[in-house]
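Beneath this line is the structure, given in structure tokens, with notes to follow.
The values are calculated or read from the model by the stated rules, or taken from the named source; none is laboratory data. On a predicted model such as this, the values are computed, not experimentally measured, just so you know. Note: ideal-geometry Cβ built from the backbone for every residue, glycine included; neighbour counts use all protein chains shown. Quick note on the areas: whole protein, heavy atoms, side chains included, nothing else; ligands and nucleic acids left out. Shrake-Rupley method; radii C 1.70, N 1.55, O 1.52, S 1.80 Å.
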Amino acid sequence: MSNLDVRGMACPLPVVQVKRALESAQGELRVLLDDGAPRENVKRFAQGRGYQVQEERLEDGIAFTITGPGAAAAPRQVVPAEAGGATVMLIGTDRLGDGPEELGRLLMKNFIITLLDMSELPDRIFFVNSGVLLAAQGSEVIEALEGLGNRGVEVLSCGICLDFFKKKELLAAGGVTNMFTIAESMLNARSVVRL
Amino acid sequence: MIKDGDYVAIFNSIHRVMEAERLLKDKQLKILLIPAPRALAADCGLAIRYAEDVRPEVEGALAEAGLLPRDSYRKNGDTFEKIGEDNEQP
């Protein structure tokens, strides 16, 4: 059995950590987590992917024992993301398509919110260049990005780009990453969707 | 993105919905332009989402500016309850 402690982590990190652990776990995974949103989000995520979740209330949180849904239903368990199973989305702008700026921003916002309605989601979304503005304070898609994070999508913004736009301290959704991780993920991905 | 009790206003043109968004944002009202829920619009429509606490201000501002939505709905569980009359605009 593998063990993971995500207590004290802010959403969506618990889901992201559990997702990673499930991708590489052999057998059962025991997760210690906080009550409230982390408990609900992790449970929904795991059950949504066909895992069984047994819950135990502890003095200082909750313990989940997560067991796999079986090899046929869990290709993500046997194909680690970095070994070729991942779908990666690269968003290099805060606008969708060429044309009027206002329309482009509206379409990008619409696109990201619409992703929430999709049954198949990318494993990771990388924001680079002006795309990082979508994940920073003031963006109107923070709520949607948090929703995607809670469904197991890793939302990552390029650190250099955040620095360039002076948004490093203002990241409001997901985490920060570097070009090494972006390049590696893209090269190893099953498919890359670029916007 | 749409919580129980939220309101959704659907407009009949992209220009009207963008104008409405600008107007409401200028008034610093807490609204969000979202894709219109599939159950309410078959085309690639847009909608403005707002909560009960800003409803009078939002609807008042839209009416005053002649930007009434085509339809308005209130989310009620898994369904959308139509509110008000149809407001077909050119």
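Conditions tested, residue by residue: (1) away from every other protein chain (no Cβ under 14 Å); (2) in contact with a strand residue (DSSP E or B) (Cβ under 6 Å, 6 or more places away or on another chain); (3) in a loop (DSSP other than H, G, I, E, B).
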site	(1), (2), (3)
A:Asp94	yes, no, yes
A:Gly99	no, no, yes
A:Ile112	no, no, no
A:Gly131	yes, yes, no
A:Glu143	no, no, no
A:Gly147	no, no, no
A:Val155	yes, yes, no
A:Ile160	yes, no, no
A:Asp163	yes, no, no
Practice task
Would you check if there is a residue in region A:123-131 being open to solvent by 70 Å² or more (accessible area, probe 1.4 Å), of a type in the set (Asp, Glu) and at pLDDT below 95?
Solution key: no
Exercise for the section: Please work out which residue is farthest from B:Glu81 (Cα to Cα), limiting yourself to region B:26-44 and to residues that are at pLDDT 95 or above and outside any loop (DSSP other than H, G, I, E, B). Expected result: B:Asp26
Exercise for the section: Search region A:71-90 for residues being surrounded by 15 or more Cβ atoms within 10 Å (Cβ to Cβ) and outside any strand (DSSP E or B), and hand back the single one that is modelled with the lowest pLDDT. Expected result: A:Gln77
Practice task
Scan region A:56-70 and give yes if some residue there is in contact (Cβ under 8 Å) with a residue 40 or more places away in the chain, open to solvent by less than 80 Å² (accessible area, probe 1.4 Å) and within 14 Å of the chain's Cα centre (by Cα), otherwise no.
Solution key: no
Problem - Among (1) within 24 Å of A:Leu148 (Cα to Cα); (2) open to solvent by 20 Å² or more (accessible area, probe 1.4 Å); (3) touching a residue at least 60 places away in the same chain (Cβ under 8 Å) - the single one B:Thr79 does not satisfy - result: (3)
Exercise for the section: Have a look at B:Leu40, B:Leu62, B:Leu67 and point out the one that is closer than 21 Å to A:Glu140 by Cβ and either open to solvent by 30 Å² or more (accessible area, probe 1.4 Å) or within 14 Å of another protein chain (Cβ to nearest Cβ) (or both). Expected result: B:Leu40
